[in-house]
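Right, one structure below, let's go through it.
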Amino acid sequence: MNMSLDFQPGQIVSLEHGDRNLYGEVIQLVTSRQLCWVRPLLLVGFAQEPPIITDLRDASDLLWPINLFRPALDTEVVSLLSQILAKEPKNELDSAAKQQFNQFIQQMWQVYQERVGTKN
């Protein structure tokens, strides 16, 4: 059973690639196309301690395949979210955050395309 079909608007979900996780809020499910509309919140690099947290609250929304997301656990996101929420939001993403976000999305898409390509 694919739990991702049970996502609800407002739920926090995670996209994982390597040692980085993108956390976002579900805005809407497009079940007819198996897509999830997600508003990015933060990108976390777990390669070092403490993790590097990039605030993505001003990043562009994603419309992404539902099956790539997993529900984020409260225990993993509460402390991370509290760290970014304590800071004043910027009016726009800085160039480093934008670059990290774009790189993460490109890498995820490449892996997804390779997986889909092997099934055909």
>> Among the residues that make up region 32-43, is at least one of them modelled with pLDDT of 90 or more, within 21 Å of V116 (Cβ to Cβ) and among the aliphatic types (A, V, I, L, M)?
In response: yes
> Among the residues of region 14-60, which ones are of a type in the set (V, I, T), in a strand (DSSP E or B) and out of contact with any Ser or Thr (no Cβ under 8 Å at 6 or more places or on another chain)?
Replying inline: V26, I27, V30, V38, I52, I53, T54
>> I want to confirm something. Restricting to region 38-52 and keeping residues that are closer than 13 Å to G24 by Cα and touching a helix residue (DSSP H, G or I) at 6+ places or on another chain (Cβ under 9 Å), which single residue is surrounded by the fewest Cβ atoms within 10 Å (Cβ to Cβ)?
In response: V44
> Filter region 82-106 for residues that are of a type in the set (A, V, I, L, M, F, W, C) and modelled with pLDDT of 85 or more; which is farthest from L22 (Cα to Cα)?
Replying inline: A96
>> Being within 12 Å of the chain's Cα centre (by Cα) and either of a type outside the set (A, V, I, L, M) or more than 15 Å from R70 (Cα to Cα) (or both) is the requirement here; does G24 meet it?
In response: yes
> Across region 45-61, what is the total count of residues that are modelled with pLDDT of 90 or more and closer than 14 Å to I12 by Cα?
Replying inline: 2
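The values are calculated or read from the model by the stated rules, or taken from the named source; none is laboratory data. Please read all numbers here as calculations on a predicted model, not as lab measurements. All Cβ positions, even for glycine, are placed from backbone atoms using ideal geometry, and neighbour counts span all protein chains on display.
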